[in-house]
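What follows draws every value from the coordinates through simple rules; no lab data is involved. Just so it is clear, the structure is predicted and the values come from calculations on it, not from any experiment. As a convention, Cβ positions derive from the backbone with ideal geometry for all residues, glycine included, and neighbour counts pool all protein chains shown.
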Amino acid sequence: MIWYNGNKPPIEALNSVSANTLVAHLDIKIESVDDDSLTGSMPVDARTHQPYGILHGGASVVLAETLGSLGSSMCVDIARFNVVGLDINSNHIRAVRDGRVTAIAKPLHHGRRTHDWSIEQQDDRQRLTTVSRMTMAILERSE
């Protein structure tokens, strides 16, 4: 298990931490936490469309970054460390017009100073829509 102290946090707590943020505005929901992955979803509707009626690539990146950031925060002692994004890249593979996209974030590397995540998104028909990779910096909190 990758989570700090071997504890999977409750899904309700993960969803409540995003109240009054962009994550809540886009209705991004954490769906499950497994031993080595985190799953979340987001609607494809007017909040997440670009002008041509398909899922905005930036919204896909928000979903990926949300999962990578939450994932890293659950892997460290957050009383001692901050986690911040260093880099994210995404390849948009398939357009989505409606429904929900679901993303699974899995660690590629968990070091003392950086974490790398792979995040794959699928549409309601389980077709790959976006592939992202994210690097997080692990920073010691200053006194």
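Relative to its residue count, the stretch 8-73 spans a Cα convex hull of 79 Å³ per residue.
Once you divide the Cα radius of gyration of the stretch 77-129 by 2.2 N^0.38 Å, the number left is 1.46. Entry note, the chain: relative contact order of 24 percent, from Cα contacts under 8 Å with a spacing of 6+ residues. A dipole drawn for the stretch 4-140 from +1 and -1 charges on Cβ atoms has a positive end, and of Val96, Asn7, Ile138 the residue lying farthest that way is Val96.
Of the options Pro43, Ser18, Ile54, report the single residue whose Cα projects farthest towards the positive end of the charge dipole of the stretch 4-140 (beta-carbon charges: Lys, Arg +1; Asp, Glu -1). Positive-end residue among those listed: Ile54. Sort the chain into rounded, prolate or oblate with this rule: let a ≥ b ≥ c be the square roots of the eigenvalues of the Cα gyration tensor; rounded if a/c is under 1.5, and if a/c is not under 1.5, prolate when a/b is larger than b/c, oblate otherwise. It comes out prolate by the Cα gyration axes. If only the Cβ of Lys and Arg carry +1 and only the Cβ of Asp and Glu carry -1, the dipole of the stretch 51-122 around its Cα centre is close to 80 debye.
Would you mind working out the magnitude of the charge dipole of the stretch 4-140 relative to its Cα centre, with +1 at each Lys and Arg C-beta and -1 at each Asp and Glu C-beta, to the nearest 20 Debye?
Once rounded to the nearest 20, the dipole reads 220 debye.
From the alpha carbon centroid of the stretch 86-113 to that of the stretch 48-64 is 13 Å. Each helix, a run of at least 4 DSSP H residues, gives -39500 (n - 2.57); summed and divided by the residues of the chain, these come to -5500 deg cm²/dmol at 222 nm.
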